[in-house]
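K.L.:
Quick one: this structure, given as structure tokens, is what I'll be asking you about.
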Amino acid sequence: MPRSDRVKLKEKIKRRAKAMDINMLGIAPVERWEQEPHQSPDFWPQNIWPWSRNVIVMGMQIFPSMIETTPSVVYSELYNTTNRLLDHAAYRIANFLNEEGYRAHFFPRDCYGDISALVKRPEAAFSQVLAGLYAGLGTVGMNHTLLTKKYGSRIRLVSVITDADLPADKMLKEDICLGCKICVKACPMQVFSPVKGQIIARMDKHKCALCHQRLKQEFHYPCGRCIAACPVGEDKGRYGKEAISKKGILHCRDFGAADAGQVIA
Ligand code: B12
Ligand code: SF4
Ligand code: SF4
């Protein structure tokens, strides 16, 4: 396909995504999984869907003034809303590409049946974090999430896999993580053990998943304290000193959950 047509198709995709309130979009050629491997080849898109050429990764922000209340039903509802919107947007972009004659589908933003599955095995068939890294949206931080300049870790992700020939976005060269360990201290389960000379901490994922299993029963799933606390991101600056008052946090936790605020407040 001539370069001008590839650029035009990318612009069309971006316009559609923006109209669906997508905050960030990046494109990763599937070769990047191979060039910078962080997971076994079984997880690479080209080994799952041999026709795939590019992965379009889209992100939607999580408002700091809502996630600060976590664990709360306020964050729980926000989480459900972004999940619905992300899968919906990804379905529509894949559908658009199909109508244009390309092979395309989306990998749902999470893709597990229930938290009990993640307690047994905390992993999905395809990693949105690594897709976001390869698509140049951000870098992986100490807390194992994708950090972005605009929203820190407070961005949820979904991917469209396609054979459309699209101009790739560059991966970021510099790590965004400050190594400040604020996420490590914010974790109520103390799952992170920083490793000297390495950005990404060791993580007890089973412990984090167990915490989530409990939160689910109490109707204030998920936790996300490690992403709420991360100081990276222009999103926090918008709210000045306090995105929500300390009293406001406790107030919000007092409603709508089985034992509001008692568990890891
Ligand atoms: C399973 C799962 C969990 C498990 C395991 C978490 C984990 N880190 O793997 C549990 C239940 C614990 C969990 C918890 C949470 N999750 Co979760 N979870 C997932 C899920 C479904 C699959 C993740 C997976 O396959 N992990 C396995 C590997 C890929 O994970 P990894 O720890 O990141 O390990 C890789 C890196 O360390 C990397 N790596 C290793 N060394 C190096 C070196 C360098 C230089 C680099 C770049 C990378 C690298 O390679 C490893 C792979 O082998 C994804 C959705 C999806 N389908 O991707 C969401 C997802 C990761 N979760 C997400 C979130 C937000 C959370 C929570 C904050 C809860 C919440 N929603 O509020 C917590 C945070 C926990 C944390 N700090 O990681 C978001 C993260 C968004 C982002 N900005 O990154 C995702 C992407 C969902 C989404 N669609 O947005 N989650
Ligand atoms: S989600 Fe909560 S329990 Fe899990 S790592 Fe983050 S702060 Fe810790
Ligand atoms: S809180 Fe600090 S150490 Fe943790 S991910 Fe954010 S910038 Fe990195």
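The values are calculated or read from the model by the stated rules, or taken from the named source; none is laboratory data. This one's a predicted model, so the numbers in the text were calculated from it and none came from an experiment. Neighbour counts run over all protein chains shown; Cβ positions are idealised from the backbone, glycine included.
K.L.:
Give the residue that is nearest to residue 161 (Cα to Cα), with candidates limited to residues of the range 66-78 that are buried (at least 17 other Cβ atoms within 10 Å of the Cβ) and not polar (S, T, N, Q).
P.N.:
Ranking the candidates gives 78 first.
K.L.:
Counting just the residues of the range 196-232 that are within 11 Å of ligand 2 (Cβ to nearest atom) and farther than 23 Å from residue 117 by Cβ, which one comes out farthest from the chain's Cα centre (by Cα)?
P.N.:
Filtering the range 196-232 for residues that are within 11 Å of ligand 2 (Cβ to nearest atom) and farther than 23 Å from residue 117 by Cβ, the one farthest from the chain's Cα centre (by Cα) comes out as 201.
K.L.:
Here is a check on your reading of the model: is residue 37 touching a helix residue (DSSP H, G or I) at 6+ places or on another chain (Cβ under 9 Å) and either buried (at least 21 other Cβ atoms within 10 Å of the Cβ) or under 20 Å from residue 170 (Cα atoms) (or both)?
P.N.:
no
K.L.:
Could you look through the range 40-49, keep only residues that are surrounded by 15 or more Cβ atoms within 10 Å (Cβ to Cβ) and under 16 Å from residue 129 (Cα atoms), and pick out the one that is nearest to ligand 2 (Cβ to nearest atom)?
P.N.:
43
K.L.:
Given (1) modelled with pLDDT of 95 or more; (2) among the basic types (Lys, Arg); (3) out of contact with any helix residue (DSSP H, G or I) (no Cβ under 6 Å at 6 or more places or on another chain), identify the lone condition not met by residue 32.
P.N.:
Every listed condition holds for residue 32 apart from (3).
K.L.:
OK, next. For the range 98-115, which positions are among the charged types (D, E, K, R) and in a helix (DSSP H, G or I)?
P.N.:
99 - this is the single residue of the range 98-115 that is among the charged types (D, E, K, R) and in a helix (DSSP H, G or I).
K.L.:
Which of the residues spanning the range 171-188 are free of Cβ contacts under 8 Å to residues at least 60 places away in the same chain, assigned to a loop (DSSP other than H, G, I, E, B), aliphatic (A, V, I, L, M) and within 13 Å of ligand 1 (Cβ to nearest atom)? Spell out the reasoning first.
P.N.:
Taking the range 171-188 as the starting set, the residues that turn out to be free of Cβ contacts under 8 Å to residues at least 60 places away in the same chain are 172-187.
Those left that are additionally assigned to a loop (DSSP other than H, G, I, E, B): 172-181, 187.
Next, only the ones that are aliphatic (A, V, I, L, M) stay: 172, 176, 178.
172, 176, listed by residue number.
K.L.:
Return the total of residues in the range 1-34 being in a loop (DSSP other than H, G, I, E, B) and surrounded by 14 or more Cβ atoms within 10 Å (Cβ to Cβ).
P.N.:
Count: 4.
K.L.:
Of the residues in the range 92-116, how many are over 14 Å from the mean Cα position of the chain (by Cα) and more than 12 Å from residue 162 (Cα to Cα)?
P.N.:
Looking only at the range 92-116, we keep the residues that are over 14 Å from the mean Cα position of the chain (by Cα), and these are 92-106, 112-116.
Filter again for more than 12 Å from residue 162 (Cα to Cα), leaving 92, 99, 112-116.
Of the residues in the range 92-116, 7 are over 14 Å from the mean Cα position of the chain (by Cα) and more than 12 Å from residue 162 (Cα to Cα).
K.L.:
Would a scan of the range 116-123 turn up a residue that is more than 24 Å from residue 63 (Cα to Cα), in a helix (DSSP H, G or I), of a type in the set (Val, Ile, Thr) and more than 7 Å from ligand 1 (Cβ to nearest atom)?
P.N.:
So far as the range 116-123 goes, yes, one or more of its residues are more than 24 Å from residue 63 (Cα to Cα), in a helix (DSSP H, G or I), of a type in the set (Val, Ile, Thr) and more than 7 Å from ligand 1 (Cβ to nearest atom).
K.L.:
Considering only residues that are within 11 Å of residue 226 (Cβ to Cβ) and either part of a loop (DSSP other than H, G, I, E, B) or away from ligand 3 (no atom under 14 Å from the Cβ) (or both), which ones fall in the range 191-206?
P.N.:
191, 201
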